[in-house]
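**Q** Right, I'll just put the structure down here and ask away after.
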Amino acid sequence: MAEQRPRVAILMGSRNDWEIMQAAEKVLEELGIASDARVISAHRTPDRLTRYMESAETDGIEVVICGAGHAAHLAGVTAAQTTLPVLGVPIGSSDLQGLDALLATVQMPGGIPVATFAIGKSGAKNAGLFAAAILAGRDPEIHERLRAFRVAQSAAVPERPD
Ligand code: RP5
């Protein structure tokens, strides 16, 4: 089978963010969506970010997920360089446990939107699901897989705790 072209980019500010951001990759994989994971820091490797975003759209990327901690500028700077939807995941890697990253990611000035998710693994998972929902609008197969995912999720919740 031909290798699927990645439609979602998963960028993270540090290799240390991967443990969290893998939750996005995992749920996308469950839904049959290929992603491209990269370590790209808005602060430490700004040229790498510019280079990646210059060709992202022509390479077939349709949604960009950005995870970063501390003074998290990755999602905002990425959004400044593209009109693709950018989903931000704050990472709790600092002494402020992600509150700093949450505010830095969510408080974008008008004109450059970043859809911001919860701090940590839940946020990464939901960003993956949200990316799938964006693609589902133009891809009936993904729409069906997303619907089936929800049905299975509901079925897995027990009615009683014991
Ligand atoms: C941010 O600073 C990264 O997203 C990471 O969460 C945090 C710390 O990076 P490391 O010092 O662990 O590489 O840029």
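None of the figures in this text is laboratory data; all of them are computed from the coordinates on show. Every value quoted in this text rests on a predicted model; they were computed, and no experiment measured them. Quick reminder, even Gly has a Cβ in these numbers, built from the backbone with ideal geometry, and neighbours come from all protein chains shown.
**Q** Under 5 Å between amide H atoms, partner at least 5 residues away or on a different chain: which partners does THR116 have, H built in plane at 1.01 Å?
**A** It is GLY88, by chain and number.
**Q** Give me a comma-separated list of calculated 3J(HN,Hα) values for segment 53-60, in order, Karplus coefficients 6.51, -1.76, 1.60 applied at θ = phi - 60°, integers in Hz, x for any Gly or Pro.
**A** Running phi through 6.51 cos²θ - 1.76 cosθ + 1.60 with θ = phi - 60° gives 6, 4, 10, 4, 5, 5, 7, x Hz.
**Q** Amide H to amide H under 5 Å from GLY92: which residues, 5+ apart in sequence or cross-chain, H placed 1.01 Å off N in plane?
**A** Hits under the 5 Å cutoff: GLY120.
**Q** Distance from the Cα centre of segment 87-162 to that of segment 52-73, in angstrom?
**A** If we compute the Cα centre of each part, the gap is 16 Å.
**Q** Name the most mobile residue of ASP47, ASP59, ASP95, meaning the one with the largest mean-square fluctuation, in a Gaussian network model of the chain with Cα contacts below 10 Å.
**A** Judging by the Gaussian network model, the answer is ASP95.
**Q** Related question: Regarding the chain, what's the average projected area of the Cα-atom convex hull, expressed in nm²?
**A** 11.4 nm²
**Q** Name the residue, out of GLY76, GLY60, GLY128, whose mean-square fluctuation peaks in a Gaussian network model built on the chain with Cα pairs under 10 Å.
**A** Ranking GLY76, GLY60, GLY128 by mean-square fluctuation puts GLY60 first.
**Q** Taking DSSP loops as anything outside H, G, I, E and B, show the longest stretch in the chain free of trypsin sites (Lys or Arg not before Pro) there with at most 15 other beta carbons within 10 Å.
**A** Longest gap between qualifying sites, sites excluded: 45-137.
**Q** Can you compute 3J(HN,Hα) from phi for each residue in segment 119-130, using the Karplus curve 6.51 cos²θ - 1.76 cosθ + 1.60 with θ = phi - 60°, rounded to whole Hz and x for Gly and Pro?
**A** Result, ordered by residue: 5, x, 4, 4, x, 5, 4, 5, 5, x, 5, 5 Hz.
**Q** Below 8 Å, C-alpha to C-alpha, sequence gap of six or more: please give me the relative contact order for the chain in percent. Write out the running numbers ahead of the final one.
**A** Details: 302 pairs, mean separation 36.5, N = 162.
The value is 23 percent.
**Q** Taking θ = phi - 60°, what integer Hz values does the Karplus form 6.51 cos²θ - 1.76 cosθ + 1.60 yield along segment 153-162, in sequence order, with x for Gly and Pro?
**A** My calculation for segment 153-162 gives 4, 5, 5, 7, 8, x, 6, 10, x, 10 Hz in order.
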